[in-house]
Amino acid sequence: MKWTEAHLTDVLVIGAGLAGERVAIEAASHGHQVTILSLVPPRRSHSTAAQGGMQASLGNVAMGYGDNPDVHFADTVKGSDWGCDQEVARLFVEMAPIAVRQLSHWGVPWSRVVPGKRMLPDGTEVEELPEKAGLIAQRQFGGTARWRTCFAADGTGHVLQYAMDSVVVKLGVTVHDRTEALSLIHDGETCYGAVALSLRDGSLRPYLAKATVIATGGYGRIYGVSTNAVINEGTGMAIALDTGVVPLGNMEAVQFHPTGIVPAHILVTEGCRGDGGYLLDKDLHRFMPEYEPVKKEIASRDVVSRWMVHHIRRGFGVDSPYGPHLWLDIRHLGREHIWTNLREVATICKNFLGIDPVDSLIPVTPTQHYSMGGVRTNKDGAAYGLQGLFAAGEAACWDLHGFNRLGGNSLAETVVAGMVVGGKVADFARQQSMSFPFGLVTEAVRAQQERLDHLRRRAHGSEDVYQLRRRMEETLSDNVGIFRTGERLQEAVAILQDLHQRAGQIRLRSSGLGPNPELFAALRLPGMLKLALCISQGALQRTESRGSHYREDFPRRDDDNWLKRTLAYWPQGADLPKLEYEPVNITELPPGDRGYGGMPIAGD
Amino acid sequence: MAQRLLTFEIFRYNPASPEILPRLQEFHLEETQGMTLFIALNRLREEQDPSLMFDFVCRAAVCGSCAILINGRPGLACKTLTHDLPDKIVLMPLPVFKLVGDLSVDTGVWFRHLNERTEAWIHTDKIFDRQGPEDRMDNPLAHQIYEAERCIECGTCIAACATANMRADFLGAAGLNRIARFLIDPRDERSPRQVFEVVGTDEGVFGCVGLMACDDLCPMEIPLQAQLAHVRRKMALAALRKKK
Ligand code: SF4
Ligand code: FES
């Protein structure tokens, strides 16, 4: 390694989605030099795909009057099935309105309140008051007592990311896109930055920083069938886990979104149901009111997804070559509403299903969507185990969502966490001086170079990276999905352990030179398998049902034994994660009934 | 429907192996129902040639990563159904942008540069008040800004544009649309004249020769020629005032 190749910066942010960029902006506005690494140009991040909106208790619309942070807090805690950290939830709900307004200041074209009377699809008449005209509007999302989700027509994530990136450009923050962090540089106590791979030419470079932030989003692609973008492979979580000293929190908490389209698995927003859409079965019967008389289609996501699969198991699914699915019906919302506030949905239906939802039903099935788990941090976003390492957004578990995240709380989280953690990162970096143990950096680069060289030599092994990967995807989808049992989870752990061992025997079929996708896939796979094992092992050990984690053999929530968070460590050379547990921080709202999603689910 | 055997001719070049000259490589693949170029290219990579380079992110036509030339026409690969293409499919990287390898080009750096040049952010002296309510805006105006903000920086209009292909500095339809987006936003306090300083040259607005390929091809269906006309009108007015 040549030291001239090292890139020095005060703050290194890994990931340029909303959370990463918001951290970068905060740190840069405190006068720090910031460098962002990203797999893709920031405006292509998965954050842009969020259609629906961002929760903040502004209460500007009729159905939101009386909303405030307390109501948002209670919804979030119930949604999490009491798994979240209540101090974090409190901080979050108080700051979300500020975050929304600041984004408006930065140029986000939020949809606004239009005064006047209108009829909701269920026949209720509401009146928007003239004194609220032009304020930021809210729509309905699942699991919320009031309408609280701020939105920009049908492309909220897109406009948020563009506004955020415009500030990054304005501040002149350095962005190295097509760059992937392969490992963290650390000595078991302090993190000094990361070794990164250029996806343009396959070269390595150390990035040295006073503070390093992981904001790489989720890992959905390890499930294969996922609403996530193809870059969501959990790389940031994996390199944190690889340190052996930083744990991942609650990895068994995996969200399945009720409405991924079949067969492309692209998400259509919760706004469809929030705006009045129905779920229908093969007899075109609206079934949700039977299971959830009060919340119907807009109970929290874990609950709706569970009932959908339950209904399919009872034989009411619509048969298709891709397996059974259900229908999403938004026809009654009307052409104008669909092609304005749900246009993205209409376009997706047109492009990928060849239908117009104005007069056709949308085939949907619950699909892996979000990770509540992630790099475990405290409420400042500081990672457990390593000084100078932080995490924010979906990649982190600070822990706002517990065992189920509410729709609209992830966009809000990215921005709020970016503000909070960015501030803490700035404080931290101010107190640090630049100093990097030479030997440590050289060794970290050498270790990664060795991995690359080994793969490029193609001298050993016989495993095909894509085949191993496919097997991992199938195993998770089949065995670690919405309904789980001890037996299936045990089987998953065994298969994944075998795959993890075989991943050491990959032999490239191509040269591995330059921007070689097979090499990149081979470098990522071991980390992805470790995440898969953390999820499966965590789920196996958790002998209760909570939020998205549903054990058919332990169908009840068990607060006596399991009101605690899983911490998964990966000791050097281990073939399984080591699990520890810590108590959940409950400051305001003691565990109780969620008001929906009654368990257990009666036998099929 | 009888299954078709598709023939792909794909541009290949790996800058790490310059001794192998740029070439078109032929592949064959059986078409499946609902096959998109996203599905086809991934199958080719996984089953036939794992070194094949191309870019996808969202695979849902919302992120702008995957524009390539498909039988000579620029468009998003992820939403292109093979069903709509003939038996022979020629895939080339977008022109104008720097080649990374095979079908992959560097649109990210190009657009960052564009956004720097046009200072594509809200210019305001207002300080954000954390305690205060938001400034009001009429919903139709919010919607108008939103419409212009829908550009996904895919580069299709740039690749399709004769001027952009000839002059490195032309802002292209995407750049002009970006300017229009800030011109109509009252939160941006720049006067049209200030904006004119950036774009009021041939490279900027007046380089357009009106072939309008951009308008037909934009996957977001942004009315690019209308936006361009809007910017030109504003610019012309600003120029007149300047002369007085
Ligand atoms: S204006 Fe349209 S074609 Fe041009 S970059 Fe934007 S989305 Fe692509
Ligand atoms: S992959 Fe995102 S637009 Fe095609």
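The values are calculated or read from the model by the stated rules, or taken from the named source; none is laboratory data. Here the structure is a predicted model, which is why all the values come from computation and not from measurement. Methodologically, a virtual Cβ is constructed for each residue, glycine included, from the backbone with ideal geometry; neighbour enumeration extends over all protein chains shown. Keep in mind that these areas ignore ligands, DNA and RNA; they rest on the heavy atoms of the full protein, side chains included. Shrake-Rupley method; radii C 1.70, N 1.55, O 1.52, S 1.80 Å.
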Only helical DSSP H runs with n ≥ 4 go in: add -39500 (n - 2.57) per run for chain A, normalise by residue count and round the 222 nm mean residue ellipticity to 500 deg cm²/dmol. -11000 deg cm²/dmol
Its Cα gyration tensor gives segment A:382-476 an equivalent ellipsoid whose semi-axes in whole Å, largest first, are 34, 27, 9
FRET efficiency, A:D575 to A:Q541 (Cβ-Cβ, R0 25 Å, nearest 0.05): 0.95
For segment A:273-284, Karplus-derived ³J(HN,Hα) couplings (6.51, -1.76, 1.60; θ = phi - 60°; whole Hz; x for glycine and proline) come out as 7, x, 7, x, x, 10, 9, 10, 9, 5, 8, 6
Separation in nanometres of the label points that stand 7 Å from Cα toward Cβ, at A:A6 and B:H113: 3.1
How about B:K126: which aspartates and glutamates have a C-alpha closer than 19 Å to its C-alpha, ignoring those fewer than 8 places off in the same chain? A:E26, B:E134, B:D135, B:D185, B:D188, B:E189
Nearest-ten-degree value, helix B:224-243 long axis tilted from longest Cα axis of chain B: 30
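Quick check: from the Cα gyration tensor, does segment A:411-555 come out rounded (a/c under 1.5), prolate or oblate?
Numbers: a/c = 2.41, a/b = 1.10, b/c = 2.20.
Judged from the Cα gyration tensor, segment A:411-555 comes out oblate (a/c at least 1.5, b/c at or above a/b).
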I'd like the distance separating the alpha-carbon centroids of segment A:309-339 and segment A:218-277, in whole Å. 21
Among the lysines, select those whose C-alpha is under 17 Å from the C-alpha of B:K234, and discard any that sit fewer than 8 residues away in the same chain. B:K242, B:K243, B:K244
Which of the three applies to the protein assembly as shown, rounded, prolate or oblate, going by the alpha-carbon gyration tensor with a ≥ b ≥ c and a/c under 1.5 meaning rounded? rounded
What are the residues whose amide H is under 5 Å from the amide H of A:G402, where those residues sit 5 or more places off or on another chain and H is modelled from the backbone? A:C84, A:D85
Percentage of interatomic Cα-Cα distances in segment A:242-394 larger than 19 Å: 58
Just to check I understand the Karplus step: with θ = phi - 60° and J = 6.51 cos²θ - 1.76 cosθ + 1.60, what whole-Hz values come out for segment A:503-513, glycine and proline as x? 5, x, 10, 5, 10, 5, 8, 10, 5, x, 8
Largest fluctuation, B:A168, B:A160, B:A148 only, Gaussian network model of chain B with Cα springs under 10 angstrom, belongs to B:A168
With a point put 7 Å past each Cα toward its Cβ, work out how far B:I127 is from B:L81 in nm, to one decimal. 5.7
Please state the relative contact order of chain A as a whole percent: Cα pairs under 8 Å, 6+ residues apart? 21
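Helix hunt in chain A: which complete DSSP H runs extend at least 27 Å axially by C-alpha with mean Kyte-Doolittle at least -0.5? List each step's numbers first, then the result.
Numbers: long enough: A:86-105 (29 Å, 0.31); A:409-431 (32 Å, 0.50); A:438-457 (28 Å, -0.68); A:517-541 (35 Å, 0.87).
Result, helices passing both filters: A:86-105, A:409-431, A:517-541.
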So what's the Cα pair-distance distribution over segment B:5-105, bin width 5 Å, in %? 3, 13, 25, 28, 20, 8, 3, 0
Could you point to the residue in B:A236, B:A162, B:L176 farthest towards the positive end of chain B's charge dipole, with +1 and -1 charges on the Cβ of Lys/Arg and Asp/Glu respectively? B:A236
Contour excess over end-to-end distance, with Cα ends at A:E94 and A:D498 and 0.36 nm allotted per residue: 140.8 nm
Determine, from the Cβ-Cβ distance of A:Y65 and A:T340 and an R0 of 30 Å, the FRET efficiency 1/(1 + (r/R0)^6), rounded to the nearest 0.05. 0.80
Residue-wise HN-Hα coupling along segment B:181-188, computed from phi with Karplus coefficients 6.51, -1.76, 1.60 (Hz; x: Gly, Pro): 4, 7, 4, 8, 8, x, 6, 8
Can you give me the C-alpha center-to-center distance between segment B:88-155 and segment B:1-68, rounded to a whole angstrom? 27
Roughly how tilted is helix B:107-117, in degrees to the nearest 10 and between 0 and 90, from the longest Cα axis of chain B? 10
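To the nearest 20 debye, what charge dipole does segment B:5-105 have about its Cα centre, counting +1 at the Cβ of each Lys and Arg and -1 at the Cβ of each Asp and Glu?
On the way: 9 positive and 12 negative charges, 77 e Å.
Roughly 380 debye for segment B:5-105.
Say the cut-off is 21 Å between C-alpha atoms; which of A:K379/A:K564; A:K424/A:K564; A:K210/A:K424 go over it?
Numbers: A:K379/A:K564 16 Å; A:K424/A:K564 26 Å; A:K210/A:K424 13 Å.
Listed pairs above 21 Å: A:K424/A:K564.
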Cross-link candidates for A:K350: which lysines have Cα within less than 17 Å, leaving aside residues fewer than 8 places away along the same chain? B:K79
Extent along principal axes [Cα atoms of chain B; Å; largest to smallest]: 65, 40, 34
Expressed in square angstrom to the nearest 10, the accessible area of A:E580 with a 1.4 Å probe stands at 70
